[in-house]
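J.: I have a structure here, written as structure tokens, and I will follow up with some questions on it.
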């Protein structure tokens, strides 16, 4: 398990600007609004779209981050039971900013997920973006060990 994120207000401000400029946060906000969810401010400078009703863009995951917007297919009570989830999603918001959003992050994430799926049968277990964000914090089950 990774350690909780300490507050980093200067980086959060830079990340928010980067994700606005690369249009990933506006895209996440528009996606949430198109499905009737109004994002609200959350920790780590994130915008939380609690109660997002669609499987798109992540079929199985209860949360997906687009820029600084976290689409959450769960209630506030469910989120409260997973206190480390937003630490995980904030790390993804960092990745969106560092890789210039849809231009860099999306194709690289897709390749990493495919690579992980081919190697392990799971798109997260060997995905560099998910492991860097903290698999346990994101609620991923541990990878089973072979031969046991």
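Any read-out appearing in this document is the output of simple, stated calculations on the displayed coordinates, not a laboratory observation. Predicted model, so just to flag it, every value in this text is computed and none were measured. Virtual Cβ from ideal backbone geometry, glycine too; neighbours counted across all protein chains shown.
J.: To the nearest 0.05, how large is the calculated FRET efficiency for residue 132 and residue 14 if R₀ is 30 Å and r is the Cβ-Cβ distance? It would help to have the intermediate numbers written out before the result.
T.: Details: r = 18 Å, r/R0 = 0.61.
Computed FRET efficiency for residue 132 and residue 14 comes out at 0.95.
J.: Rounding to the nearest 10 and keeping the result within 0 to 90°, find how far the Cα-based axis of helix 85-98 lies from the longest principal axis of the chain.
T.: 80
J.: Report which label in (i) 107; (ii) 118; (iii) 236 holds the value of volume of the Cα convex hull per residue in Å³ derived from the coordinates of this structure.
T.: Of the listed options (i) 107; (ii) 118; (iii) 236, (i) comes from this structure.
J.: Express the relative contact order of region 50-93 as a whole percentage, based on alpha carbon pairs under 8 Å and six or more residues apart in sequence.
T.: Result for region 50-93 is 41 percent.
J.: Relative contact order of the chain, please, whole-number percent, based on alpha carbon pairs below 8 angstrom and at least 6 residues apart.
T.: 22
J.: Here's something else I'd like to know. Just for region 9-133, what percent of DSSP beta bridges are antiparallel, to the closest 5?
T.: Percent antiparallel among DSSP bridges in region 9-133 is about 60.
J.: Helix 24-34 versus the longest principal axis of the chain: what angle, 0 to 90°, nearest 10, using Cα atoms?
T.: Computed tilt is about 80 degrees.
J.: Using only the alpha-carbon atoms, how far is helix 9-21 inclined from the longest principal axis of the chain? Give it as 0 to 90 degrees, nearest 10.
T.: 80
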